[in-house]
1. May I ask you to list pairs of residues, at least six apart or on different chains, whose Cβ atoms are under 8 Å apart, with the first in region 92-120 being closer than 15 Å to THR28 by Cβ and assigned to a strand (DSSP E or B) and the second being of a type in the set (Asp, Glu) and open to solvent by 30 Å² or more (accessible area, probe 1.4 Å)?
2. As an exercise: evaluate VAL119 against (1) out of contact with any helix residue (DSSP H, G or I) (no Cβ under 6 Å at 6 or more places or on another chain); (2) at pLDDT 95 or above and give the number of the one condition it does not meet.
3. Can you work out which of the residues in region 28-84 that are of a type in the set (Gly, Ala, Ser) and on the phi > 0 side of the Ramachandran plot is least open to solvent (accessible area, probe 1.4 Å)?
4. Could you please let me know if VAL12 is more than 16 Å from the chain's Cα centre (by Cα) and either assigned to a strand (DSSP E or B) or closer than 11 Å to ALA97 by Cβ (or both)?
Amino acid sequence: QVELVESGGGLVQAGGSLKLSCTGSGRTFSAYNMGWFRQAPGKEREFVAAITRRGGNMIADSVKGRFSISRYNAANTMYLQMSSLKPEDTAAYYCAAGDSFTSGQSDYVYWGQGTQVTVSS
C-alpha cells in the first residue's frame, strides 16, 4: 500500500510554469507505475501523463510538448513539469499509482487528494 500526497499547485499566469510533486509513503513506491490525471470544474477526470517504474513515459496529446513527467524513486517522488500553461489547463491535478502502465483511470489503485492549478489569462 502507498499513500500519495500532491503539492506544488497554485495560481500562475498564462505562459507560466509550475512543477507538481507527488510523494508516496512506504517502501513500495518504486514498485508502482504512476500517473497524473486532472479534473476541471464540470468535466470528467482525464489522463495527463504516466511513467513506468523505470522511467518510460507517455503524455496526453493535449499537453504533449508542454508537460513532462519524471520520478525519483530514492525520494519516493514523482513530478509533473508544466510549461507554457494555458487557462484550459486549470484543474485539480491528481497523482495515482498502480500495477499497469496505462492511461486508464480504473487501472490505478491508489490516489492522492489532488492539488489545484489555476491559470489566469
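The values are calculated or read from the model by the stated rules, or taken from the named source; none is laboratory data. Keep in mind that this is a model prediction, so the values were computed, not measured. Cβ: placed from backbone, ideal geometry, glycine included. Neighbour counts: every protein chain shown. Accessible surface is based on the protein model in full, side chains and every heavy atom, while ligands, DNA and RNA are left aside. Shrake-Rupley method; radii C 1.70, N 1.55, O 1.52, S 1.80 Å.
1. GLY98/ASP107; VAL109/ASP99; TYR110/GLU3
2. Going through the list (1) out of contact with any helix residue (DSSP H, G or I) (no Cβ under 6 Å at 6 or more places or on another chain); (2) at pLDDT 95 or above, VAL119 breaks only (1).
3. Within region 28-84, the first condition is being of a type in the set (Gly, Ala, Ser), and the residues that meet it are 30-31, 35, 40, 42, 49-50, 55-56, 60, 62, 65, 68, 70, 74-75, 83-84.
Then drop every residue that is not on the phi > 0 side of the Ramachandran plot, which leaves 42, 55, 65, 84.
Working: GLY42: 91, GLY55: 33, GLY65: 82, SER84: 63 Å².
Among those residues, the one meeting the criterion is GLY55.
4. Yes, satisfied.
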